[in-house]
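The values are calculated or read from the model by the stated rules, or taken from the named source; none is laboratory data. Note that this is a predicted model, so its numbers are computed, not measured. Note: ideal-geometry Cβ built from the backbone for every residue, glycine included; neighbour counts use all protein chains shown.
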Amino acid sequence: MALNLLDIAVWWGAVEIVGLSALPITSYICRSLKDYGYSISKPLGLLLLTYISWLISFRIGYSTFSVLFALGITAACSLIILWKKGLLIDRDYAIKFEILFFLAFSVFAAVRAYSPDVYWTGGEKIMDMTYINGFLRTQQFPPADPWMSGAGIYYYYFGYLIVAGLIRISGVLPSVAFNLATASFFALSLATALGIGYNLTGRIKYGVITAFFVTIAGNLVGFFQLMDTLLVKREGIDGILSFNYWTSSRVIPDTINEFPFFSFLQGDVHAHMISITFQLLIIFLLLNVMKSRAPGLTSIFILGLSIGFLYPLNTWDYPVYLFLAVVVIISCFIMTKGLIPSSRKEFLILAATAGATAALSYLLYLPYHASYKVERAISIVPSGRTGLIYYLAIYGLFIYLLYSFVILRYRKHGMRLEYLIIFLTVPVLSVALGLELLVVLIPLLILSVILIFREKDGNHAFVLILITAGVLISLFAELFYVKDALGSSIPADIRLNTVFKLYLQNWVLWGIAAGAVVYEFREYFNRRTVWCAIALFLILMVSVYPVFATIGKSGAFRGEPTLDGEAYIKREHPQDYAAILWFRNVTGQPVVLQAPGELYQWNTYITAFTGLPTVIGWYWHELNWRYPYSQEADAHWSDAGTMYTSLNLAGVDALLQKYNVSYIYFGTAEIKKYGSPKLFDSHPERFEKVFEYGDVAVYKVKTNESGNK
């Protein structure tokens with residue numbers, strides 16, 4: 001199956017149109033920046049498209065019309081701004097930016113074409129495909145959960161809504177759009193990071209370096225892995241071609257430590273991957289606040305809207321970026337007015353700006369908050385904290401660059417060496433508490449905070465704020481964890497999700513800061529000092545992973561490329577594939593009974609590739625999302641099994657009515673688990689066989705004498 005260039009072109013065109021619809025808005029609110037906001041027109045356009053289409057769907061329903069109507073509203077707002085304020089644009093930068101964006105998108109689309117399968121092992125692709133297809137059938141909000149019929153979604157779902165909106169605009173098949181979405185978010189993240197670096201340094205070259213640190217660089221483990229392959233195992237070219245991309249994401253025992261390039265290469269269209277683009281959007285907007293010093297009402301509104309967007313997109317990010325926004329706003333005030341407000345009016349302005357941002361971030365998403373009620377508790381980590389060697393294997397380059405920056409700023413401010421005495425207590429404290437990371441984090445935190453209050457240069461203060469936020473994130477993950485189903489059943493994994501989510505945020509913040517540091521030390525690179533040699537070697541080390549991991553994940557680029565994520569089903573599961581095609585002709589959202597979903601197994605694929613709801617999908621996911629309230633998921637799991645195994649027609653009838661089941665599917669997963677469909681074949685008056693292909697069969701539940709299914 002050849003690579004479909006038309007789909008690539010159409011999808012890219014849809015993203016461009018969305019970006020153009022928001023360009024005058026970004027130009028207006030980012031007048032203080034060198035690129036006039038051009039770098040964020042696409043992510044902000046996607047945010048507005050998703051938010052407006054979601055909001056108006058409470059009245060007019062969710063459909064292609066509502067998405068196009070939302071696009072029209074965004075464009076209309078832009079036209080008004082264009083008419084009243086005009087358009088500020090740097091054409092030379094815009095051309096270079098668009099070339100880079102297109103190259104990043106097309107190259108990563110090609111990479112995805114060599115590992116496109118929406119497969120059921122080693123990731124969450126089946127889940128992602130389920131919710132994307134589910135939203136293409138969704139008409140009302142709050143949406144129903146396709147993996148748990150009759151229940152609402154208890155998972156942050158805006159990422160899937162973004163992809164569904166682009167599918168409705170472009171008309172690209174979901175199985176192809178799945179991989180193009182990954183390529184899009186990679187290109188959007190890279191381009192937005194470039195824009196931040198460009199506006200911080202005024203140089204495109206350093207914008208590219210910033211983008212590299214954020215979206216392409218790997219951790220140091222990739223280098224050690226390559227050395228092990230070549231020098232220890234002596235596997236040569238075969239070892240290189242089969243390089244294991246997975247290893248670098250599992251450095252700290254019993255946790256996950258993904259970083260952006262791994263997430264994009266893995267290719268799960270998951271909340272944490274999608275949110276990278278929008279984290280960078282908020283950092284960009286905060287840089288605009290820092291540069292302008294006095295954000296206007298429109299800027300505050302867009303900032304609040306963007307921060308609030310993180311809650312239904314990837315809730316873990318919301319408190320971090322709300323905190324970051326408040327710190328930036330306060331820092332701007334201090335740099336402009338001084339540490340203490342000179343009047344009540346100044347204090348009220350500060351409070352109003354920070355308060356309005358926080359309030360808008362919540363109030364603009366009230367319909368979501370009203371329907372999303374999940375309890376999570378924060379607890380102290382009892383044991384199993386991060387070893388320093390593991391931490392440096394992940395963040396070694398960043399630690400080196402960031403320490404270099406704060407020490408340089410420390411010296412330039414002429415600060416006395418007496419401040420360093422406080423650091424002598426850190427090793428003792430660290431050993432006493434069993435917290436190895438304090439050795440590197442506490443000095444960096446103290447230096448950064450002191451310098452923030454002394455800086456008059458907005459760029460330097462902004463970088464220091466990013467450094468400080470990253471330190472606090474790492475410290476939080478050492479001391480606390482968010483309780484979920486993982487920690488309740490597998491004690492060793494209590495920090496798994498916490499480290500996973502927070503370390504990814506940490507990478508984004510420090511990647512931006514590292515790009516700015518390289519700019520600050522540009523003269524040191526020219527001098528070829530020892531500092532330069534170490535920095536270059538570390539940069540070389542983090543450059544190993546993206547090259548060799550891509551080769552390994554793509555199967556050394558052998559085979560015929562395709563962007564169709566479901567092409568493998570036709571080859572490996574032809575009978576189930578025929579049923580999937582048949583179900584796509586079914587309209588609405590009738591419930592399809594399938595075998596209860598087990599983690600990382602070939603099951604619930606009818607739901608995944610059609611969006612039709614089932615009684616229970618992957619049970620563990622539903623249990624985790626609804627933790628600590630698992631009774632509903634337990635009942636769905638038990639009843640689904642009963643409907644397949646019981647020979648009591650009356651009892652099965654009652655359960656079919658309870659879950660409003662319209663179709664019963666008997667495919668390869670069900671045959672393997674339950675054998676033959678004896679009950680359904682023996683009662684044709686209740687179950688009509690409407691599809692059959694080989695061993696696979698679909699039964700439609702007939703209406704009984706009382707008018708019920």
Query raised in the report: Going through region 226-250 one residue at a time, which ones are in contact (Cβ under 8 Å) with a residue 12 or more places away in the chain and within 22 Å of Val499 (Cα to Cα)?
Result: Asn244, Tyr245, Trp246, Thr247, Ser248, Ser249
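Going through region 557-569 one residue at a time, which ones are in a helix (DSSP H, G or I) and surrounded by 16 or more Cβ atoms within 10 Å (Cβ to Cβ)? Break it down into steps so the answer makes sense when it comes.
So in region 557-569, the residues in a helix (DSSP H, G or I) come out as 557, 567-569.
Residues satisfying the conditions are Ala567, Ile569.
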Query raised in the report: Out of all the residues in region 511-531, is one or more closer than 30 Å to Ser383 by Cα, outside any loop (DSSP other than H, G, I, E, B) and in contact with a helix residue (DSSP H, G or I) (Cβ under 6 Å, 6 or more places away or on another chain)?
Result: yes
Query raised in the report: How many residues are touching a helix residue (DSSP H, G or I) at 6+ places or on another chain (Cβ under 9 Å) and either among the acidic types (Asp, Glu) or under 30 Å from Lys658 (Cβ atoms) (or both) if we restrict to region 537-572?
Result: 2
Query - Ala393, sole failed condition from (1) of a type in the set (A, V, I, L, M, F, W, C); (2) within 22 Å of the chain's Cα centre (by Cα); (3) assigned by TED's automatic domain parsing to the domain that holds Val449 - result: (2)
**Report entry** Matching residues, region 23-68, being more than 20 Å from Lys96 (Cα to Cα) and among the aromatic types (Phe, Trp, Tyr)
**Finding:** Tyr28, Tyr51, Trp54, Phe58, Tyr62, Phe65
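So, Thr425, is that one among the hydroxyl-bearing types (Ser, Thr, Tyr), on the phi < 0 side of the Ramachandran plot, modelled with pLDDT under 80 and not in a loop (DSSP other than H, G, I, E, B) or not? Steps first, answer last, please.
Working: among the hydroxyl-bearing types (Ser, Thr, Tyr): yes; on the phi < 0 side of the Ramachandran plot: yes; modelled with pLDDT under 80: yes; not in a loop (DSSP other than H, G, I, E, B): yes.
Spelling it out, Thr425 is indeed among the hydroxyl-bearing types (Ser, Thr, Tyr), on the phi < 0 side of the Ramachandran plot, modelled with pLDDT under 80 and not in a loop (DSSP other than H, G, I, E, B).
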**Report entry** Residue check, Thr353 more than 24 Å from Ile467 (Cα to Cα) and not in a loop (DSSP other than H, G, I, E, B)
**Finding:** no
Query raised in the report: Can you find even one residue in region 377-392 that is of a type in the set (Gly, Ala, Ser), surrounded by 12 or more Cβ atoms within 10 Å (Cβ to Cβ) and assigned to a helix (DSSP H, G or I)?
Result: no
Report task. Tell me, please, whether a residue that is within 26 Å of the chain's Cα centre (by Cα), closer than 18 Å to Arg137 by Cα, not β-branched (Val, Ile, Thr) and not assigned by TED's automatic domain parsing to the domain that holds Ile209 can be found in region 594-605. Result -> yes
Query raised in the report: Arg234 is checked against (1) over 30 Å from Ala354 (Cα atoms); (2) buried (at least 21 other Cβ atoms within 10 Å of the Cβ); (3) of a type outside the set (Val, Ile, Thr) and fails just one. What number does that condition carry?
Result: (2)
Query raised in the report: Could you count how many residues in region 146-155 are part of a loop (DSSP other than H, G, I, E, B) and surrounded by fewer than 24 Cβ atoms within 10 Å (Cβ to Cβ)?
Result: 5
Query raised in the report: Restricted to region 641-668, and to residues that are within 18 Å of Pro146 (Cβ to Cβ) and among the hydroxyl-bearing types (Ser, Thr, Tyr), which residue is surrounded by the most Cβ atoms within 10 Å (Cβ to Cβ)?
Result: Tyr665
Report summary line: The correct count of residues that are surrounded by 11 or more Cβ atoms within 10 Å (Cβ to Cβ) and either modelled with pLDDT of 90 or more or of a type in the set (A, V, I, L, M) (or both) in region 354-376 is 16
Report task. Consider Leu647 carefully, then state whether it is of a type in the set (A, V, I, L, M, F, W, C) and in a helix (DSSP H, G or I). Result -> no
Query raised in the report: Of the numbered conditions (1) closer than 24 Å to Thr277 by Cβ; (2) in the same structural domain as Tyr391 (by TED's automatic domain parsing); (3) buried (at least 20 other Cβ atoms within 10 Å of the Cβ), Asp484 satisfies every one except a single condition; which is it?
Result: (1)
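Can you tell me which residue among Phe69, Phe102, Phe65, Phe135 is among the aromatic types (Phe, Trp, Tyr), more than 30 Å from Asn288 (Cα to Cα), at pLDDT 95 or above and surrounded by fewer than 19 Cβ atoms within 10 Å (Cβ to Cβ)? Break it down stepwise before answering.
Numbers: Phe69 fails: more than 30 Å from Asn288 (Cα to Cα); Phe102 fails: more than 30 Å from Asn288 (Cα to Cα); Phe135 fails: surrounded by fewer than 19 Cβ atoms within 10 Å (Cβ to Cβ).
Just a single option satisfies the conditions, and that option is Phe65.
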Query raised in the report: With respect to the numbered conditions (1) among the small types (Gly, Ala, Ser); (2) farther than 30 Å from Thr468 by Cβ; (3) at pLDDT below 95, which one is the sole condition not fulfilled by Ala533?
Result: (2)
Query - Pairs with Cβ under 7 Å, 6+ apart, first in region 604-627 and under 18 Å from Asp639 (Cα atoms) and in a helix (DSSP H, G or I), second at pLDDT 95 or above and of a type in the set (Lys, Arg) - result: none
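Rundown of residues vs (1) more than 26 Å from Ser66 (Cβ to Cβ); (2) assigned by TED's automatic domain parsing to the domain that holds Ile60; (3) in a helix (DSSP H, G or I); (4) in contact (Cβ under 8 Å) with a residue 40 or more places away in the chain, yes/no style:
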residue	(1), (2), (3), (4)
Gly123	yes, yes, no, yes
Ile126	yes, yes, yes, yes
Thr130	no, yes, yes, yes
Asn133	no, yes, yes, yes
Gly159	no, yes, yes, yes
Gly197	yes, yes, yes, yes
Ile209	yes, yes, yes, yes
Report task. Identify, by number, the condition in (1) within 29 Å of the chain's Cα centre (by Cα); (2) closer than 15 Å to Lys205 by Cα; (3) of a type outside the set (Asp, Glu) that Ile551 doesn't meet. Result -> (2)
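Do you know which of the residues in region 570-616 that are among the small types (Gly, Ala, Ser) and either closer than 19 Å to Gly694 by Cα or at pLDDT 95 or above (or both) is surrounded by the fewest Cβ atoms within 10 Å (Cβ to Cβ)? Step through it out loud before you land on a result.
Within region 570-616, the first condition is being among the small types (Gly, Ala, Ser), and the residues that meet it are 578-579, 588, 595, 597, 608, 611.
Of the ones still in play, those that are also either closer than 19 Å to Gly694 by Cα or at pLDDT 95 or above (or both) are 578-579, 595, 608, 611.
On the way: Ala578: 18, Ala579: 26, Ala595: 24, Ala608: 30, Gly611: 23.
Checking each candidate, the answer is Ala578.
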